[in-house]
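Derivation of every value follows stated rules applied to the coordinates shown; laboratory data play no part. Just so we're clear, the structure is a prediction, and the values are computed from it rather than from any experiment. FYI the Cβ positions are ideal-geometry reconstructions off the backbone, even for glycines, and counts take in every protein chain you see.
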């Protein structure tokens, strides 16, 4: 999976920030209702993109939220509603909870949380956050939809189980049922690998071999570095009998790309690299997505990422609620989003809705190759009594979530 | 002389013969191929394939029936096709990414939805000049015009609204919220109703044009079919106001609706991902474009039978019928 990239400095980033900065205080006519939304993130330092071919992603997630506000305000011109974005970008290691409390003190009720799992739970558990609506637009951890679920959190980013199931359905459609699983040593590598194990059980695939790839993040390969890797990968991947695909879990994107074309046996690589299950991809042009891609690229000067898309969906969900109910208060908006009437259009061919048992947005999963879309799950033939989207991830009977208010 | 009289009589019959509905020609834009397929209405065979601009989508006949206007979306222009010459003879400015458009009943101007730009562009087809641009909602597509030419309606896919625009002042005078992702807007011939399809909402919203309120939401159900697959796009209402036809996208069917009672009478199975439709001049036939099966279907309106499918180019999008 392409990891989100953040470039701190650079003229381009500054220019973009300046260009996209909220408009200076304007007189809002008395009959226009203002809906403030807060965005909070911890700006974690990340390595440069793995490949020269990848784009740097300045303001990952934030750009999606900002475009969402613009789109909301286009609708708002007609419905007399104005949306604003209050941005709290906390430096790495900074006090996210303090920044969150600051936003609460300003009266914010709607939050776009672009945070890792630990920080997300920390803010959701702040006692004053009980009557707020927090959208998780980054963390894929399955636990957040299970034992660590929270009543005040909705997830637009899909969790690992949804992505693993989306991939597994396609692999089974192809009859590539024997998997060689390669897992990195990072924490998220292990989380995705656990979801892949669950998916294999669910969809009757067999993990014939599992190996750990011990790689540490470092400089990109230096000149003629390919010579070393060409020898290392075959040795690493030899002696695996009878597999159809190599499934890799390398969330940090530090070694997975090396596997394709170098393994001992000739088999496709899928997972976090190769054929990737994802919620958004730059090649996605179906169901009117071309227009979204054009609008975003023009707005942000770069391709839309998973986090941008998830943040955009969160902001759009709020507008969908205020437009349909013609109300802007937290209680009405929160109730409507969680009601059966709610649906948000996300360029995936059907309306997207939140699961009432764990707050996860149910959605199709894109299966993307490096340059094109290969397929979309759920695959034809996987049936469900309520929604075929519920064949992906944690269905109602599977859930370990007991929705509760934050701990006092 | 006897022979001469017979010959003359034969010639007279040939020239003065009744023009049957099947003498028409059907033009289909192929979004993926960058071509227009020409189908003969009598034989229902493809007669020609014409290269046009990039990503051709909307196609419409000029009022005098002599030209076709084609949206070349990725070329950001409208192409003008001369039917007698059977070739592109010029272009019109359109604003960026034109998808759908509609001609004023008088034949001029042309109102164009710029999908990328949140605008409707108004173009004079005789001078080739842009008259003005009207800001609308996000991702405008559907365009409808009242029979008296005074009210233009544009639907915005992401804003979920039908914008009513006064064609003299070019001002938006009203905005009606409809169900999710509206794609198409069609006035009835008497101007009293506006039918708007909602692709993600899965419904048709019927709006009373006098009050500008939604008076009816029509839903659809096909036995054994997932509700999510029912995605209405194109809609056409007969001139006599009796029947409405709705293209339902990946449901692969055209819904037939009693336009007085709003009841769905039937679902006609056509090709895959049916989006747009066009009647012929006397409304005896309805042609549909089936984007994912690369064909068009021919519906006999009197019997409500799908009589034939004709293979055209890749990803057929729009269709226009020249008499």
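Remarks
- Relative to the longest principal axis of the Cα atoms of chain B, the long axis of helix B:2-16 lies at roughly 0 degrees.
- The helix-based estimate of mean residue ellipticity at 222 nm for chain A, built from -39,500 (n - 2.57) per DSSP H run of four or more residues and divided by its residue count, is -10000 deg cm²/dmol to the nearest 500.
- Centre-to-centre separation between the Cα atoms of segment A:221-297 and those of segment B:159-177: 48 Å.
- When only alpha carbons are used to place a centre, segment A:354-408 and segment B:36-74 end up 42 Å from one another.
- Degrees, to the nearest 10: A:226-237 long Cα axis against longest axis of chain A: 80 degrees
- Each peptide among A:231-242, A:67-78 gets the average number of other Cβ atoms lying within 10 Å of its residues, and from highest to lowest they stand as A:67-78, A:231-242.
- Rounded to the nearest 10 degrees, the inclination of helix A:11-20 to the longest alpha-carbon principal axis of chain A is 40 degrees.
- Relative contact order, percent, segment A:164-212 [alpha-carbon distance under 8 Å, six or more residues apart]: 52 percent
- For segment A:126-205 versus segment B:228-243, the gap between their alpha-carbon centres in whole angstrom: 41 Å
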